[in-house]
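Just so you know, all these numbers are worked out from the coordinates, no wet-lab data involved. Quantities reported herein were computed from a predicted structural model and do not represent experimental measurements. Quick reminder, even Gly has a Cβ in these numbers, built from the backbone with ideal geometry, and neighbours come from all protein chains shown.
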Amino acid sequence: MKKITKQTLLFAMAMFAAVQFSVAKDGQGIQFFKGTWEEALKEATKTNKLLFVDAFATWCGPCKMMDKKVFVQKEVGDFYNKNFIPVKIDVDSKIGRPLATKYQVKAMPTYLFVAGNGKLVYRKLGYMQPKAFISVGKSAMKFPQMIKQYNSGDRSKKFLNEYLAVVDDADAKVANKYLAGLSEKEMLYDENNFKIMSNYVRNPDSKAFQFFLAHTKEYQKEYGNQALNLAVGILDGLYAKAFAQGEHKGGKKDAQALQKLFNTLMKLDPIMPKNKAEGIVKKLQKQFDDVK
């Protein structure tokens, strides 16, 4: 019998790690497909299911956390095993690199939902809790039909509420038009509407933005740190816009842009960390001075 050397064993282990299509644990949790990428696509076509692709890297901390804390959960496994063909791809492997390029995987973990013909249907990324991760799968399953419904002209309030919460790259104009038609109660107390506003509202002149400014305390009470995150996102947009105006127009426009930003910051002040508004204004003023 041929002796198995240490080098031979290490080589075999390396080849197995490169493929990374089959790392499923026996028992509960997600059972990842055992086979090649082409075989996985054929299985998706045969079963009329989407592939769920976990695009990961061995050095990625959140990827390891998903493996350890989320993929092993019974409810997660029950849902994904029933509704998808789960596949794992190491983006740094010989097999994984071209797939990562094809599907533009730029951060890990990225979750790809791919049809049997290889077409990308839906994507999400980052560590998330089991409940949120299951919700991502549900969104992926209904996403193709939602696109058809939107393209057919459905602009009902009920449909857009769901559509905008699922489609990350939807037109911001659609979102702002939808939000502009909501009642005060719907704007303040519908969590899905708040999610839509968080994803899309960045225009300081939009009705939704102005509503948020006028109700910062109510939003903070209702949504806590989520309202703060929205405020910070709005600040980032205003900061960039004001700086661009100062850089390209100069003079009085500098002062006008700075004043507008300062006025907005003061309205956001109730939910901002202490002195954050003043600190941003001072930094912005220095940049304005530098480009004059």
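For K94 and D78 in one chain, what is 0.36 nm times their gap in residues minus the Cα-Cα distance, to one decimal in nm?
Result for the pair: 2.7 nm of gain on full extension.
Would you mind ranking Y163, Y127 so that the residue whose beta carbon has the fewest other beta carbons within 10 Å leads the list?
Going from sparsest to densest Cβ surroundings: Y127, Y163.
In the structure displayed, which of K69/K124; K64/K221; K46/K94 lie more than 29 Å apart, Cα to Cα?
Going by Cα-Cα distance, K64/K221 fall outside the 29 Å limit.
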